[in-house]
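Report on the structure given below.
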Amino acid sequence: MEFEKPLAEWKGQVQEIKLSDKVIIGGEQVFPNYSFDGKCSNKPAVAIEINDVFPENWPENLKEIWNTDTLKSPVERAKKAEKEFGADIIFFDMIGTHQDRENISANQAAENMNAILKAVDTPVIVRPDGNFEKQNKIFAKCCELAERQIIIGSAKEDNYRTITASALAGNHFIIAEAPIDVNIQKQLNILITQMNFPLERIIMDPMTGGLGYGFEYTYSVMERIRLQTFMDDPFMIPPMVCCVGQETWKIKEIKIEDEKYGSKPERGINWETTTAIGLILSGANIVVVRHPESVIKIKNFIDSIYQKSDCLQQGI
Amino acid sequence: MSKQIIELAIQGYQEQLNNTKAVVQKTENKIPADKKITFPETAYNLPLYFAFTGKKIHSISDAQNLIDEIEKKNSNIISADIDLTETLDLGIDTIILQELQLAVESSAGEQINFIPDNVLRSLGVQLVSGDISGIAVIIGAARDEETAVEIIRTLQEKNILSVLAADYEGKTMFEQLSNQNVEMTLDTYIVHLGNKTESVVLGLNWAIRAALTYGGLEGGQKEKCLKYCSDRIPAFALVLGGVDAKKVATAVGAIAMGFPIICNFEVPEISVKDDHGFEQKLLTFELNSNKLVEKCLEVRNIKVKVTEVPIPVRYSSAFEGERVRKEDVALEFGGKYSKAFEFVEMKNLDEVENGKIEVIGKKINEVEESSALPLGIVVYVAGRKMQKDFEPILEIRFHNFLNQATGIMHIGHRSFVWLRISKEAKKAGFKIKHLGTILQTKFLDEFHSIIDKVEIHIYTELEMINKFMPTAEKLYHERDQRMGAMTDESVDVFYSCTLCQSFAPNHVCIITPERLGLCGAYNWLDGKAAFQISPTGPNQPVEKGEVVNAEIGEWEGVNEFVYKASNNTLERFSAYSLIKYPMTSCGCFECIIAILPGTGGFMIVDRTFLEMTPCGMTFSTLAGVVGGGQQTPGFLGIGLNYIVSKKFVSAEGGLKRLVWMPSYVKERFREKLDKRADELVVPGLVDKIADETICSDLAGLIEFLAEKDHPALKMGELI
Ligand code: SF4
């Protein structure tokens, strides 16, 4: 008797989003590596995180590889991330807008953003920090003044209206962030679309923990979200972004002096890379990292699975 | 629609037509033929015209053509013999003519207070995000300057943006407010549009741009634009003084956009039924100027967000568990010291005066320190989506709401209430009335989707309480009866709960009148209310559909729902069986049922019981077997109260199969269990059920059952 490959039938599909001519994400019907069941579609994108202020609490070795002077200038960082480090997307995390930090004003934040938008050709994700009131002011300004289409984050369950309205008016993408929770994620997606915002312009941030720091939980929540997508839940189709670098470079294993943990810089890179790879396997479409070395490793991994499993051919 | 209004609208339209014509003719020679006709700083040209037709006006000859077109279209309308739709269309034509006129005037260099796109955006974001709770288009002038200030202040307090337009007998609201030195800027939410009646349209063409910008709509989608305005832009027109024909025609245009008109003088009312069958007023009036704004909010169904509870002590969930000790008491109510009760009753919308809080009897300063007063708190609520069934759900929240104030301690519910106000709270200025303030604010805030109005009466006079309490007692009783009498057969919908999917991804609770959620926290009514309050939340209605098997409680509709909601894993679901397609268990169950081979029955263990049970496992070990959202025949997580339901594992014989349970659970439910045993015609059954004081092992249990002749032994093995 001839063996017949059992095929799972998936009806749903992740929304394909074109962020720029070069960067298209989503569109898959299956998890990566599951090309025997369906179409894998576009490769995940790797984004690099930059900030509006000097990142004081980064580990020294990470600062070194970026060069301290570069780190002082957001524009130089963005350029370096794109041209030298090969970022597909720039993730502009405006930590300096927080009212307890530099308290950068909304107008200044928008100006900073535009400087980045000018400096690079990649899509740019923009995310302010601060209390809701402060964030809302920045959402409004950035969406209004952005010189090209941006991805703005993050809409949350208890603060999604201003950002949604602003992104609607400015024709931008939105990041919808839920605290590692399938239900809240879905509800948030629904709430945003109820304001007439197209689901096709939402990217979900299911929140991430570093490997060993809640990663497992994120992993299974993302898997849940994606299974729901593939099972044709119409509200769970947006692609997902994961902020990996922020979660991994702060953990103690990367900072402590201990011979048996191996070389410090490598530890960080490995931690960042493995976390990112895990998240890609559970359906991440964008991973945001900090170290250039991680970018190379993650891209190598992506290339390898997308070639070996002839995902792309199958898909076409 | 009244004949009088139709006649005025037609006349007003005519006047406007002539007006616009005159303006265009007069301007024709003044501006070059190729000069673009548009408003300044907008991408939408003439926004209303663009939204309705998708077309733009390029030149003065386009303007002329548009006038001709409108005139031709309406050339037959001469009599009052037109219906509501035709009148509304005429209103729309009127505002289009007004817009055209102002655009031509603006292009000719006249000063027009058009709201440019960038202002539209900054206001629009605040509007869509809910920071601005509504827009009042104020047409005309108030009776006097003081009243004008009073009205505008009330609107500001409610975060409503006021746009001022048109005069009444030469007076304008703008003037009145300027004379009173009221600051009029975007930041104070006041915008002046102009003194002519035509200037009203500058408010309307702002609203329509919001539809285009935030509704994702395009020019030419007239119906959709109108619907967006009507559904999502909380605007209304407040007409002060009186009207002439032109104002009427303009107002009809506003009505066509879904914006109701409220006058401060008598007018014939117009109303229609909305999608939910509620009466929606389109034109109405309120003669009392103190109640004018409240009336506007009610008519437009605007709910103002109040998150801060305005009381003199701090308020936060962090203070919920705080107690007020005897020596700190300034005043107390209920407990063993006096009579006290709390009560929520639903009334019709027009029977409740929103915001009213009345205290009848002694006040806090009129009694000695550390004394007690009787207390009755009666809360009347009304709302378009309110239902009688939700009364107990609201009532149960008194406890949680009142406790969050520092220095206030609340225990119990209904007629078993005990409430203390601390000396410190009294010193800070806390009055009995503030109990009402708390309830008022919280009910409107947390239940805004079902409650529109709250009125509160607080009694501290024994006489009043004695008068009221019997009614309250009667209604509590009726409510219990109603809920108790509800059966699964008596309803068509159950409610789902998928709250626990965050950790048990395929788990779904189906909550029926006779079976509560397995955590014990959600009954059918809670599910129903939760769905009303948050229609996108985890509690959804589940249509039962055709019966598949009445005995085990299986329905087609429920199966379909569970299949989808469990991410296509559970194909069949039964509500009353422990063996056939039992409900899954997430992990929050109050107790677990487990079959005991050799007894023909099953045991129950609740989560506070830590010792060994006859199945050889403790609660926590059992929980590991049962949880995770799988169907595990023979094991079931349930809410405690399900034990005394008629549908308790009824497919397998229910209570007759129960052979072991912790003694305190037995005692707690003794009365109800006895009653159920009688109904099952097994009197004395409860004493045949073993507990940990009798045995904790299977052999001992079987011996005991045999000795007591427990019915389960003869019913055959469950599996
Ligand atoms: S256990 Fe309670 S909270 Fe969890 S799904 Fe069931 S009813 Fe909802």
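Computed quantities for the displayed model
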{"item": "Within straight-line cross-link reach of B:K656, aspartates and glutamates at Cα separation under 17 Å, skipping those fewer than 8 residues along the same chain", "result": "B:E551, B:E671, B:D674, B:D678, B:E679, B:D687, B:D691, B:E707, B:D709, B:E717"}
{"item": "Listed peptides B:372-381, A:18-27, B:92-101 by packing density, highest first (mean Cβ within 10 Å)", "result": "B:92-101, B:372-381, A:18-27"}
{"item": "Within 10 Å of each Cβ in A:169-175, the average number of Cβ atoms from other chains", "result": "2"}
{"item": "222 nm mean residue ellipticity, helices alone, for chain B (DSSP H n ≥ 4; -39,500 (n - 2.57); rounded to 500)", "result": "-11500 deg cm²/dmol"}
{"item": "Where no second cysteine Cβ lies under 4.7 Å, the cysteines concerned in chain B", "result": "B:C225, B:C229, B:C263, B:C296, B:C591, B:C615, B:C695"}
{"item": "Where a label projected 7 Å from the Cα of A:L7 along Cα→Cβ would reach, residues of the range A:18-59 with amide N under 12 Å", "result": "A:36-39"}
{"item": "Rounded to whole Hz, the Karplus (6.51, -1.76, 1.60) HN-Hα couplings of the range A:4-11, x for glycine and proline", "result": "10, 5, x, 10, 7, 9, 10, 9"}
{"item": "Inter-centroid distance (Cα atoms) of the range B:19-90 relative to the range B:582-651, Å", "result": "74 Å"}
{"item": "Given charges at beta-carbon only (K, R positive; D, E negative), |dipole| of the range A:168-275 in Debye", "result": "120 debye"}
{"item": "For the protein assembly as shown, convex hull volume per residue from C-alpha positions, Å³", "result": "247 Å³"}
{"item": "17 Å Cα-Cα reach of B:K528 towards aspartates and glutamates, excluding residues that sit fewer than 8 places from it in its own chain", "result": "B:D389, B:E391, B:E395, B:E446, B:D480, B:D488, B:E489, B:D492, B:E514, B:E543"}
{"item": "On Cα atoms only, tilt of B:698-708 relative to the major axis of chain B in degrees", "result": "80 degrees"}
{"item": "Given A:K80/A:K118; B:K339/B:K427; B:K363/B:K431, the pairs whose alpha carbons are separated by over 19 Å", "result": "B:K339/B:K427"}
{"item": "Neighbour net charge for B:L102 - beta-carbon separation under 9 angstrom, K R +1, D E -1", "result": "-3"}
{"item": "The range B:275-332-the range A:133-204 distance, computed between alpha-carbon centres (Å)", "result": "30 Å"}
{"item": "Aspartates and glutamates with Cα under 16 Å of B:K362, excluding same-chain neighbours fewer than 8 positions away", "result": "B:E332, B:E461, B:E463"}
{"item": "Cα-based radius of gyration of the range A:76-127 once divided by 2.2 N^0.38 Å, which approximates compact folds", "result": "1.17"}
{"item": "Size descriptor, Kirkwood hydrodynamic radius, that averages inverse alpha-carbon separations across the range B:364-425, Å", "result": "13.6 Å"}
{"item": "Anisotropy class of the range B:3-300 from Cα gyration tensor, a/c 1.5 cut", "result": "rounded"}
{"item": "For the range B:41-58, 3J(HN,Hα) per residue [Karplus equation, 6.51 cos²θ - 1.76 cosθ + 1.60, θ = phi - 60°, Hz, x = Gly/Pro]", "result": "6, 9, 8, 10, 6, 9, x, 5, 4, 5, 5, 7, 10, x, 9, 10, 9, 9"}
{"item": "Measure of compaction for the range B:422-547 (Cα Rg per 2.2 N^0.38 Å)", "result": "1.42"}
{"item": "Sites B:R384 and B:E183 - FRET efficiency at Förster radius 45 Å, r taken between beta-carbons, to 0.05", "result": "0.80"}
{"item": "Three-way shape label, the range A:43-308, alpha-carbon gyration tensor, a/c 1.5", "result": "oblate"}
{"item": "Degrees between helix B:200-214 axis and first principal axis of chain B (Cα, 0 to 90, nearest 10)", "result": "50 degrees"}
{"item": "Volume per residue of the C-alpha convex hull in chain B, rounded to whole Å³", "result": "195 Å³"}
{"item": "Amide hydrogen neighbours beyond the local backbone of A:I203, cut-off 5 Å, H modeled", "result": "A:I174, A:I175, A:A176"}
{"item": "Farthest toward positive dipole pole in chain A [+1 Lys/Arg, -1 Asp/Glu at C-beta], among A:S20, A:G38, A:I180", "result": "A:S20"}
{"item": "Theoretical gain in end-to-end length, B:S663 to B:N568 [0.36 nm per residue, Cα-Cα removed]", "result": "30.2 nm"}
{"item": "For the range B:581-719, size of Cβ-based charge dipole, Lys and Arg +1, Asp and Glu -1, in debye", "result": "460 debye"}
{"item": "Virtual spin-label span in nm between B:Q156 and B:K21, 7 Å along Cα→Cβ", "result": "4.5 nm"}
{"item": "Ranked packing of B:25-34, B:405-414, B:203-212, most packed first, by mean Cβ within 10 Å", "result": "B:203-212, B:405-414, B:25-34"}
{"item": "The range A:128-194: translational diffusion in µm²/s, Stokes-Einstein, Kirkwood Rh over Cα pairs, 20 °C, 1.002 mPa s", "result": "180 µm²/s"}
{"item": "Pairwise centroid distance, computed over Cα atoms, of the range B:136-168 with the range A:26-104, Å", "result": "51 Å"}
{"item": "Cβ neighbours within 10 Å from other chains - mean over B:122-134", "result": "5"}
{"item": "Structure-based [θ]222 nm, chain A - -39500 (n - 2.57) summed over DSSP H runs of at least 4, per residue, nearest 500", "result": "-12500 deg cm²/dmol"}
{"item": "Added length on full extension, which subtracts the Cα-Cα distance from 0.36 nm per residue, B:N400 to B:I719", "result": "110.3 nm"}
{"item": "Separation of the B:M612 and B:K672 label points, Cα + 7 Å toward Cβ, nm", "result": "3.2 nm"}
{"item": "Stretch gain in nm, segment B:T621-B:H58, where the contour uses 0.36 nm per residue and the Cα spacing is subtracted", "result": "194.8 nm"}
{"item": "Amide proton proximity set for B:G194, modelled H, under 5 Å, gap of 5+", "result": "B:A166"}
{"item": "Vicinal HN-Hα couplings computed from phi for the range A:99-109 (Karplus, 6.51 cos²θ - 1.76 cosθ + 1.60; Hz; Gly/Pro x)", "result": "4, 8, 10, 6, 6, 4, 6, 4, 5, 5, 4"}
{"item": "Listed pairs A:K137/B:K303; A:K18/A:K83; A:K137/B:K442; A:K156/B:K222; B:K171/B:K305 exceeding 25 Å between Cα atoms", "result": "A:K137/B:K442; A:K156/B:K222; B:K171/B:K305"}
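Quick note: the coordinates plus some simple rules give every number you see, no bench work behind them. These numbers come from a predicted model, not from an experiment. With ideal geometry, Cβ positions are generated from the backbone for all residues, glycine too; neighbour counts draw on all protein chains shown.
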